[in-house]
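The values are calculated or read from the model by the stated rules, or taken from the named source; none is laboratory data. Keep in mind that this is a model prediction, so the values were computed, not measured. Positions of Cβ are generated from backbone atoms using ideal geometry, with glycine treated the same way; all protein chains shown enter the neighbour counts. We work out accessible area using only protein heavy atoms, side chains counted, and drop any ligands, DNA or RNA first. Shrake-Rupley method; radii C 1.70, N 1.55, O 1.52, S 1.80 Å.
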Amino acid sequence: MVGNILIIALVVAEMHLHSPMYYYLGNLACLETCYTSTILPRMLANLLTGDRTISVRGCITQFYFFGSLATTECSLLAMMSYDRYLAICKPLHYAALMNSKFCIKLVVGSWISGFTSIAILIFMMSQLTFCGPNEIDHFFCDLTPIINLSCSNTHMLEVTAFIHSSIFTLPPFLLTLASYVCIISAILRIPSTTGKQKAFSTCSSHLIVVTIFYGTLVIVYLLSSSDALKDLNKVFSVFYGVLTPLVSPLIYSLRNKEVKEALRKALLRFFVYDKNIDISR
């Protein structure tokens, strides 16, 4: 939480971070702050108090925010990869193609589509009838554990969920994959080793986050039906639900010179300001 909020504050406060890449990074940090707030407080309360009950309405509400934010994150990660593709493969056209208006439209569109698209699943889920034992074998309310509790026919809900994933998750993943294929291909064509390292350093942080996020999503939602991975479902869910929001600010800040420089200047201004106040007193 502290790391992501710090990135948001730096992106807003530092003028030299007012660029498309950091605009997307600020939105990603905001999303992951909300993402963490959707899952962790309830999970920690369950562990501390021992009370692991949750109402049906509360469970569906948690899934709505989790699903909406996960859908939005797929779009934001795709935008960040496309931004790096333009910066590395089409540097002369970057400023014209990735202008501020275009960035705002992409980000606003991703947030709106994420929160509206999942509403269809929530409406269908609210019509289900649930039978006992009402026990979810998970640490938060995900789609499959909720469906497994229902006595109703869930075929239409499962088909709708598949269509939703095909529209709002698969295309961003393919765009991200295509962008990095082009990026890596362009980097390999750079003659000098220094040039390759400099080009790769601009996208390596994002590539690490994308690999963790999509890698665990694929394992949980596509391969978790296999007997070998069923018991590891919750473990891999921790990766994209907890680990990704945790490591994102560390990866982006520790591997990014501009973010570290912005943090250094912000701390310097803070301590100098405090010193001036003390002297005046």
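General remarks:
- Mean projected area of the convex hull spanned by the Cα atoms of the range 47-114, taken over all viewing directions: 6.7 nm².
- Extension gain from VAL159 to ARG264, taking 0.36 nm per residue of separation minus the Cα-Cα distance: 32.8 nm
- Across the range 100-110, computed HN-Hα scalar couplings (Karplus, 6.51 cos²θ - 1.76 cosθ + 1.60, θ = phi - 60°) run 5, 5, 5, 4, 4, 4, 5, 5, 4, x, 5 Hz from first to last residue, x flagging Gly and Pro.
- A Förster radius of 35 Å combined with the Cβ-Cβ distance from SER117 to ARG52 puts the calculated FRET efficiency at roughly 0.70.
- The range 149-198: radius of gyration and largest Cα-Cα distance (Dmax), Å: 20.2, 63
- Gap separating the Cα centres of the range 1-55 and the range 113-188, nearest whole Å: 21 Å
- Accessible surface ranking for LEU77, LEU40, LEU48, LEU232, 1.4 angstrom probe, highest first: LEU48, LEU232, LEU40, LEU77.
- In the chain, the DSSP-assigned H stretches of four residues or longer account for a calculated mean residue ellipticity at 222 nm of -25500 deg cm²/dmol, using -39500 (n - 2.57) per stretch and the full residue count as denominator.
- Cα-based convex hull volume of the range 1-121 per residue, rounded to whole Å³: 112 Å³
- Panel values: the range 70-176, Kirkwood radius from alpha carbon pairs, Stokes-Einstein at 37 °C and 0.692 mPa s, translational diffusion coefficient 203 µm²/s.
- For the chain, Cys with no neighbouring Cys Cβ under 4.7 Å: CYS30, CYS34, CYS74, CYS89, CYS103, CYS182, CYS203
- Normalised by 2.2 N^0.38 Å, where N is the number of residues, the alpha-carbon radius of gyration of the chain equals 1.14.
- The relative contact order of the chain comes to 24 percent, based on Cα pairs under 8 Å that sit 6 or more residues apart.
- Pairs spanning more than 27 Å between alpha-carbon atoms, out of LYS196/LYS257; LYS90/LYS196; LYS105/LYS234: LYS105/LYS234.
- Against the criterion of solvent-accessible heavy-atom surface with a 1.4 angstrom probe, THR61, THR49, THR244 sort, most first, into THR49, THR61, THR244.
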